[in-house]
Every structure is written in structure tokens, then in C-alpha cells.
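Structure, as C-alpha cells:
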Amino acid sequence: MKSASKALAVLWLSGSAAATLLADDDSGQSRRIDLPVPIGHDVKGLRLPVRNDQGKVDMQFDIESARRIDDQNIEMHTVTIQTYNQQTFKPDAKIDLESSTMNLDTEVIITKEPVRITRDDFFLTADSGEFNSKTRHGTVFGNIHLVIYNRNDLQTKPRSESQQQLSQ
């Protein structure tokens, strides 16, 4: 009897999730992040993939704990956001946040605590930051440290012959 009720609950949850996804597709609006966190409650160990219009993973949130403050704002602790390259769909940058708040309407994440952003070719740390998950753009503030790997690969213009002769 218990297994039948569990199966019905799983079937109902998956059906309602599918209906929500189909309703979003019919509206023609862009994707929206919806964290399943009730107001005033804590949720621990949340993994949330965010998909683009083609169903490919655009980014993935791994959240140790989250608490919904009100309808629009969620407080998150120990968050890792893995972004994916939009052409190859392979992992790109990773953003680590200690404590942050996300506005679900604007999808902007703000933190007043240290930020760490890593990618294959650099890592960056800062005292605080802001990340817009819709546009995938962010701003960091205070005590910014950037280490770039393979700096020679970033050279966009070939050095002219005169510059090469001056350096010899």
C-alpha cells in the first residue's frame, strides 16, 4: 500500500513538472529559474540544472542550503554555479559563493562575501559581487585578484616587424 502511494506521488510530481515545462514552452517566454523552496523553510543539498530553449544545460546550481525570504528572494549558502559554453555545451566557468541572495524576478544574485570564479584560463577572487544569471554577466567589487594562465595565448594582434626588432 505504501509503495503504491509513493508511486502515485512520484507520478503526480513528474506530471505536474511536465505540465509546468509545457506551459512555459507555449508562452514563448525565455527560461525562468524557479527554486523549489517554500517561504520560511530551509532546503539542504539542492542541485538545479537550468536549461536553454533547446533543452541543453546552460548552468547548474549546487546549493548547500537555501531559505526563501519572500516570494522573490532566496538566501543561499555555499553555492557553486557551473556555467556551460553556449556553443559546445561543455563546462566553462565556475562561480563559488559563500552566502548570497537571489532575486527570482530579475535572476540577479548578490553577495557581500568573498567570490571565486575559475575557468581553464584564469581564476579571480573578490570581496563581493553581483551575477545576472539571465545575461551571464557579473560584477565584482573590492580586493580583486586575477590570475591569467597562458597569457601568450591572449595576444590578439601579431607583433609587427618593427616591434620585434626593438625587442631584440
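With respect to Ile69, is the statement that it is of a type in the set (A, V, I, L, M, F, W, C), touching a residue at least 24 places away in the same chain (Cβ under 8 Å) and open to solvent by 40 Å² or more (accessible area, probe 1.4 Å) true? Can you show your working first?
Numbers: of a type in the set (A, V, I, L, M, F, W, C): yes; touching a residue at least 24 places away in the same chain (Cβ under 8 Å): yes; open to solvent by 40 Å² or more (accessible area, probe 1.4 Å): yes.
Yes; evaluated as a whole, the condition is true for this residue.
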Selection over the range 73-100 where residues are of a type in the set (Lys, Arg) and outside any strand (DSSP E or B) yields a count of 1
Given (1) in a loop (DSSP other than H, G, I, E, B); (2) under 16 Å from His137 (Cα atoms); (3) in contact with a strand residue (DSSP E or B) (Cβ under 7 Å, 6 or more places away or on another chain), index of the condition Asp70 fails: (2)
Given (1) over 16 Å from Ile117 (Cβ atoms); (2) of a type in the set (D, E, K, R); (3) open to solvent by 30 Å² or more (accessible area, probe 1.4 Å), identify the lone condition not met by Asp62. (1)
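The values are calculated or read from the model by the stated rules, or taken from the named source; none is laboratory data. Here the structure is a predicted model, which means the values were calculated and not measured. Note that each Cβ is placed from the backbone with ideal geometry, even for glycine, and that neighbours are counted across all protein chains shown. Note: areas computed on protein heavy atoms with side chains; ligands, DNA, RNA excluded. Shrake-Rupley method; radii C 1.70, N 1.55, O 1.52, S 1.80 Å.
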